[in-house]
Amino acid sequence: MLIKKPDEIKSSEITDEKLYLNRRNFLRAATLVGSVAATGWLYRQLNVPSREAAKIAQTPDAKPVPGYTTPEGDVANTFEDITNYNNFYEFSTSKNGVAPAARKFVARPWTISVEGLVQKPKTFDLDDLLKLAPPEDRVYRHRCVEAWSMVIPWLGFPLAKLLAQVEPMSNAKYVKFITLYDPKRMPNQSDTDVLPWPYQEGLRLDEAMHPLTLLATGLYGKPLLPQNGAPLRLVVPWKYGFKGIKSIVQIILMEQQPRTTWSDAAPDEYGFYANVNPQVDHPRWSQASERRIGEWGKRATLPFNGYAEQVAQLYAGMNLRTYF
Ligand SMILES: Nc1nc2c(c(=O)[nH]1)N[C@H]1C(S)=C(S)[C@@H](COP(=O)(O)O)O[C@H]1N2
Ligand SMILES: [Mo]
């Protein structure tokens with residue numbers, strides 16, 4: 001086992017999400033490197049960017065291009081940006097450190113078990129699941145709680161399709177999601193100072209069933225690379241990015257609201273609902289505006305990240321300042 005120097009932490013690279021932690025703990029954090037060199041060939045194949053799509057999005061006078069724009073005309077970020085500016089603390093706490101640290105992560109074979117309050121609990125092999133629910137293109141805005149954003153052309157299928165397979169029981173009210181726990185393959189999981197592992201997230205069942213809620217298996221028409229949460233990650237476009245848990249292995253239907261990693265780690269800063277809301281500031285910074293990666297200046301943050309028309313009714317009668 002090799003102990004590498006801790007990630008160099010440039011002040012420009014410090015993510016606000018991790019500032020809640022004692023900086024010293026980060027400096028102590030060592031990266032354990034597993035060896036999976038034999039399977040590198042697969043990932044060299046997958047690493048070929050979608051040059052054509054990236055080119056379209058980079059055109060200087062970038063006009064909205066059908067297929068790679070949101071319905072409102074936002075142009076997708078480049079493949080380069082989406083696959084090199086990442087949050088995935090299992091691999092690295094530096095945005096541009098994730099891709100190199102995750103390069104050799106092998107996401108096959110892969111199973112996802114769906115259990116808890118369901119009539120038909122089942123463990124799905126990923127490739128069988130893809131046959132059940134063929135992925136479709138969905139271009140969504142992505143808004144990180146750290147006040148940056150992107151537009152990402154996902155490939156995925158509605159989570160509702162998977163839940164229909166297992167038949168939730170009538171007392172199921174919430175859905176919990178769990179990332180793979182395997183410190184040999186996800187080096188920062190050896191260091192419990194980074195976060196309590198495995199990463200866990202949750203949704204209310206009606207949020208999980210909403211047609212906008214995706215399980216993503218790719219982007220720009222290609223299978224997900226490890227840094228984006230291969231082979232399967234959650235995408236909930238009206239919520240802050242940390243709800244979009246990566247590399248999911250287990251889904252549990254529950255009656256009680258599940259505990260989640262970030263709301264456990266810093267309950268005053270990261271809530272369970274985490275709906276994008278420009279009117280509720282983070283305790284340490286404003287959420288009124290955001291920096292779109294690849295753009296100068298800032299743009300206004302939209303309620304529910306621009307998806308209010310589709311989702312606001314899910315929260316009728318709730319005080320969204322309290323349920324942040
Ligand atoms: N397992 C896991 N999932 C995770 C994270 C993480 O550290 N671990 N980071 C979250 C955060 S904060 C964001 S903004 C998005 C980033 O997704 P992207 O790198 O594909 O853009 O993943 C989310 N899912
Ligand atoms: Mo995030």
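The values are calculated or read from the model by the stated rules, or taken from the named source; none is laboratory data. Predicted, not measured: the structure shown is a model, and the values here were computed from it. So basically every Cβ, Gly included, is an ideal-geometry build from the backbone, and we count neighbours across all protein chains shown. To get the accessible areas, we keep the full protein, side chains included, count just its heavy atoms, and leave off ligands, DNA and RNA. Shrake-Rupley method; radii C 1.70, N 1.55, O 1.52, S 1.80 Å.
What is the calculated FRET efficiency for D182 to D264, with r their C-beta to C-beta distance and R₀ = 25 Å, to the nearest 0.05?
Working: r = 21 Å, r/R0 = 0.83.
With a Förster radius of 25 Å, E is 0.75.
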Provide the solvent-accessible area of L302, counting protein heavy atoms only and rolling a 1.4 Å probe, rounded to the nearest 10 Å². 80
Considering only protein heavy atoms, with the full assembly of protein chains and a 1.4 angstrom probe, order K222, K173, K184, K243 by accessible area, largest first. K184, K173, K222, K243
Rolling a 1.4 angstrom probe over the protein chains, ignoring ligands and nucleic acids, what is the accessible area of F324 in square angstrom, nearest 10? 70
